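For reference, the structure is listed below as structure tokens.
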Amino acid sequence: MENGATAGTINRPAGKQASLTQPLLQVQDLHTHFFTESGTVKAVNGVSFELQRGERLAVVGESGSGKSAMAMSLIQLIAYPGKLVSGSIRLDGKELVGLGEPELNKLRGSAIGTVFQDPMSSLDPVMRVEDQMIQPIRMHLKLGQKEARKHAVDLLTRVGIPDADNRISAYPFEMSGGMRQRVMIAMALSCRPKLILADEPTTALDVTIQAQIVELLKTMTETTGSAMMFITHDLGLVARFAQKVAVMYAGKIVESGTVGEIFSSPKHPYTQSLLKTIPSVSGEKRRRLLQIQGLPPDMKLHITGCSYKERCPAASERCYTDAPELMPREGGQSAACWLKNGLMTEGYESITTLLSQGEKPEAKEGWNRIPLNGSVSEQPDSPGDDNVVLRITDLHKHFKKASLLPWKKGAEIRAVGGISLKLQRGETMGIVGESGCGKSTTARMLLGLDEPTSGRIEINGSIQIVFQDPYSSFNPKMKISDIIAEPLHVRKIGTKEERLRRVRELIKKVGLDLSYLSRYPSQLSGGQRQRVGVARALALDPSIVVADEPTSALDVSVRAQIINLLCDLKEEMGLSFVFISHDLSTVRYISDTIAVMYLGEIVEYGPAEEIFVHPAHPYTKALLAAVPVPDPMIEGERTIEQLRGELPSPANPPAGCAFSSRCPHVTAKCTERKPPLRGYLERREVACHAVS
Amino acid sequence: MKQEAVARAVGQPAVASRPRIQLPYLSFLYVNKNAKWAMVILLPILLITFLAPFLPLQAPLESNIRASLNAPSLEHPFGTDKLGRDVFSRTLSGIKVSLFVGMTVALISLAFGIALGTASGFFGKTVDRVIMGVVDIFLAFPSLLLAIGLVAILGAGTVPVICAISLADVPRFIRLQRSLVLSLKSRPFIDAARTVQAPRLWLMTKHIVPNTIAPLLVAASITAANAILIEASLSFLGLGILPPEPSLGNIIKDGQVYLQQAWWISTLPGAVILLIAISLHFLSDGIREALDPRARK
């Protein structure tokens, strides 16, 4: 209530006249802290902003930047031990801080609708969709059972659920992820909210489904006139979706402005660097990604000065003593940096020079293969060989699902249905596709974790893997040194001292300090853990490294570091990579060749650049179109050819071409005959009847 | 050892940040609130029990008919029984028996539980079916009933009591360990070790068992408390430790007849059992909290 006095003097963005109509949402100096046993985490540390009616605001930031805590503070659903410490939140002029639980409950779901990140866990699995939807509608809109149900069916139809009248009585587990997220959106819209909070609503979904959901959210806010706060770490989505952007770093908004302003002339070094470091799907390909050094600060510690100073190449002495406030710049933009134009103070190109300073200058010491007892490389390099390190021939993996009736044969799921590939020494092959396309199963077979049903895998040398989530792929009870040494230890290679020497060499190789060796995985950050994962994979001196989504569990600002590390190692050691990812821009950056998979089969194969510039298969085209580009100009001009429907179940694939159920150019031939993978142009292969 | 050597070799101080909870470091005992309470109760009891021979007390078996059924006093803090024996000194002697039974049962259960449960969960198939079949048969009996039956067969005394109680508790540990192993088996770090062709023994000893110790210790401290209660029950029924050797159960039984005239004979040893059981439960809560990653953060 003490904020009542200051509410009249909210800083409006300069250059914009305070409109007569009050903004929908006014947040003033919000602080949310988490009181943990090991210290107070100041997750939200003084956030102020305004949101106009019908406006779409994107809040961008890495994990730990406080963006989710900030959103949850607005509806005051902060997980224990979090607490809204101070600040003011005004919705339509009404103060929300200090309201009692019953009043807040009335607001949540009626004036403010929420869409959560994971549609799998935000719906009650034992309740039918109708029971979850109708109750709040009846409560908030004071409708009878029949009208409420009608309203719910209406909403489900509007969010694109076919046959909504029947689907409304389904249980959540009978729906796919995309469908569930549609249900969540329908629920958020059900009581005609003035504001919708969407917390990473598409992160758990596949790209093609993500494209559908983002379009849906956009049209929904346009037709209903609700304002939306969209929390994301994906700058591409921001460009596609938002009107205004707020960039959060270490619990504070460091830059805000319209989408156009932020993307064309970012003012804060963090925003500028982020935009420079992400690899892009289109446009020119950089030789080496620019990277932001270091890690976000520990939010438990008190930060003096600017929170970004350690990672900022333009930091001056002043940044270490005084924290810059969010200060207005030209237009509606404001940024929290002492430099007027951030890293671009000395012209546009200065940012590139500044960021490249961080590149490791050390002379590249050659990778000396230490002779160890019981050498690892089973086969010596034979120059006569045509340099193929991996050859996959007609690989199949079928999973049998047990039938309920013992005498009946269970359904068979063809996870991988006959793929053939070849990988040259030093080559990187990207395997892309949506979840369920069989890319991870292929990786597991390559590593011998799953037995193939049929087909052959020939490996020249040995194969190792970098896992997706380095945290769960390490034994939490083992020290980093033991984790890296395990492959050597298990195979009884070298003496204890030799192994230790090797481990020290490896950890330096991946750019970590020796002091990390005696730590436990929980004491490392995500990026550091992934470096350890890489070091471990290199311990046996493999000829091939499989990287299964190695950057998807990492923060945006750290991804570039890992990608650069992989690229460096590839050059230095002549490694071959199999790079599995759904992140097309990363795949494009790192790969020489690309295999696009759909329902266990390769539908397109060829050199990466060619495929990205001229995709031939309709699925590849759709996949590329679905990836948002971090440039609002391009996004504004693009008409996105959305893929209809969902990925069919691999247990029951469509007859003929597997893609026929979603293909925009489907003909009668496609549903009858399966197109084989045929040669296309010089070095490409495509499986489509329409391409020849 | 190793990492210190590394650090020294490169001229760096050994890293200051320690792993949060490793079993050898029992720091949680004074950090954690539950564990602190357990220690506040248990430590004095242990101290007095093991110092008993040096205290100016009447020997547990020494009787003095003239001092029959004396109320608690400075000389006899827990009073005396019908035969004029000092109940306090008998109780201390009984605690020793109780703790011995509790600890032994917990250790036996841990050992068998880890061995058979890991085998069952890890190998699956026939091994699992055989072990689980036997376990399920044992689990079908109420544990006290099973113990009574076994003592009836094996005869009374400390060793048969330990065997009987263990036989009832081991199947629970096998079940617990099996479920822990099953959930660990599908964790990515097991896959990570399999990709370097780690042998199965390595997987079990290096990756699986170390990660099951925490929940097993929680269960073990509850089992110890439970074993102490069952031993007392058996002795009370005249099936456990036989008089004249004192145990908390048979002291209570002796006093039961005189409950109206001499309440102290049964009540005070009973209170001691209660305190030990409660403190062991506190201890298990403390261990759980200290090892639970969610509670840690």
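The values are calculated or read from the model by the stated rules, or taken from the named source; none is laboratory data. Because the structure is a prediction, the values reported are computed rather than measured. As a convention, Cβ positions derive from the backbone with ideal geometry for all residues, glycine included, and neighbour counts pool all protein chains shown.
Take the residues in the range A:480-501 that are within 21 Å of A:Phe467 (Cα to Cα) and touching a residue at least 40 places away in the same chain (Cβ under 8 Å); name whichever of them is farthest from the other protein chains (Cβ to nearest Cβ). Taking the candidates together, the pick is A:Ile484. The number of residues in the range B:188-242 that are away from chain A (no Cβ under 14 Å) and on the phi < 0 side of the Ramachandran plot comes to 24. Considering A:Ser169, A:Ser176, the condition of being outside the structural domain of A:Val627 (by TED's automatic domain parsing) and modelled with pLDDT of 85 or more is satisfied by A:Ser169 alone.
The set of residues in the range A:262-278 being touching an Asp or Glu at 6+ places or on another chain (Cβ under 7 Å) and at pLDDT below 85 is empty.
Any chance you could count how many residues in the range A:84-107 are β-branched (Val, Ile, Thr) and not in a loop (DSSP other than H, G, I, E, B)? Matching residues across the range A:84-107 total 2. The sole residue among A:Glu130, A:Glu103 that is of a type outside the set (A, V, I, L, M, F, W, C), at pLDDT 85 or above and under 22 Å from A:Met229 (Cβ atoms) is A:Glu103. For A:Lys492, the criteria (1) more than 26 Å from A:Tyr249 (Cα to Cα); (2) in contact with a Gly (Cβ under 7 Å, 6 or more places away or on another chain); (3) in a helix (DSSP H, G or I) hold in every case but one, which is (3). It is to be established whether one or more residues within the range A:522-531 are free of Cβ contacts under 8 Å to residues at least 24 places away in the same chain, facing chain B (nearest Cβ under 8 Å) and either under 22 Å from the mean Cα position of the chain (by Cα) or surrounded by 20 or more Cβ atoms within 10 Å (Cβ to Cβ) (or both). Checked the range A:522-531: no residue is free of Cβ contacts under 8 Å to residues at least 24 places away in the same chain, facing chain B (nearest Cβ under 8 Å) and either under 22 Å from the mean Cα position of the chain (by Cα) or surrounded by 20 or more Cβ atoms within 10 Å (Cβ to Cβ) (or both). Out of the range A:437-460, which residues are more than 14 Å from every other protein chain (Cβ to nearest Cβ), assigned to a loop (DSSP other than H, G, I, E, B) and surrounded by fewer than 20 Cβ atoms within 10 Å (Cβ to Cβ)? Answer for the range A:437-460, where residues must be more than 14 Å from every other protein chain (Cβ to nearest Cβ), assigned to a loop (DSSP other than H, G, I, E, B) and surrounded by fewer than 20 Cβ atoms within 10 Å (Cβ to Cβ): just A:Thr453. In this entry, A:Ala227 passes the filter for residues that are over 21 Å from the mean Cα position of the chain (by Cα) and either in the same structural domain as A:Asp154 (by TED's automatic domain parsing) or without any contact (Cβ under 8 Å) to a residue 12 or more places away in the chain (or both). Restricting the range A:502-514 to residues that are modelled with pLDDT of 85 or more and at the interface with another protein chain (Cβ under 9 Å from one of its Cβ atoms) leaves a set whose member that is surrounded by the most Cβ atoms within 10 Å (Cβ to Cβ) is A:Val503. Against the test of being touching a Phe, Trp or Tyr at 6+ places or on another chain (Cβ under 7 Å) and either outside any strand (DSSP E or B) or without any contact (Cβ under 8 Å) to a residue 60 or more places away in the chain (or both), the options A:Ala616, A:Ala535, A:Ala595 yield a single qualifying residue, A:Ala616.
Considering the range A:92-146, and only residues there that are on the phi > 0 side of the Ramachandran plot and out of contact with any Leu (no Cβ under 9 Å at 6 or more places or on another chain), the residue that is surrounded by the most Cβ atoms within 10 Å (Cβ to Cβ) turns out to be A:Gly109. Among what's in the range A:58-88 and is closer than 14 Å to A:Met229 by Cα and touching an Asp or Glu at 6+ places or on another chain (Cβ under 9 Å), pick the residue that is surrounded by the most Cβ atoms within 10 Å (Cβ to Cβ). For the range A:58-88, the residue satisfying everything is A:Lys67. Cβ separations smaller than 6 Å between residues 6+ apart or across chains give the following pairs from the range A:95-112 residues that are in the same structural domain as A:Leu141 (by TED's automatic domain parsing) to residues that are part of a strand (DSSP E or B) and not basic (Lys, Arg): A:Leu96/A:Ile89; A:Val97/A:Ser88; A:Val97/A:Ile89; A:Ile112/A:Leu195.
Looking at the range A:411-442, which of the residues that are farther than 16 Å from A:His398 by Cβ and hydroxyl-bearing (Ser, Thr, Tyr) is nearest to the chain's Cα centre (by Cα)? The qualifying residue nearest to the chain's Cα centre (by Cα) is A:Ser435. Note on the range A:666-680: among residues that are in contact with a strand residue (DSSP E or B) (Cβ under 8 Å, 6 or more places away or on another chain) and either closer than 12 Å to A:Gly656 by Cβ or touching a residue at least 40 places away in the same chain (Cβ under 8 Å) (or both), the one that is surrounded by the fewest Cβ atoms within 10 Å (Cβ to Cβ) is A:Leu677. Residues that are farther than 14 Å from B:Thr158 by Cβ and part of a loop (DSSP other than H, G, I, E, B) within the range B:224-243 comprise B:Leu237, B:Gly238, listed in sequence order. Hey, can you tell me all the residues within the range A:298-313 that are modelled with pLDDT of 80 or more and crowded, with 19+ Cβ neighbours inside 10 Å? Answer for the range A:298-313, where residues must be modelled with pLDDT of 80 or more and crowded, with 19+ Cβ neighbours inside 10 Å: A:Cys306, A:Ser307, A:Tyr308, A:Lys309, A:Arg311, A:Cys312.
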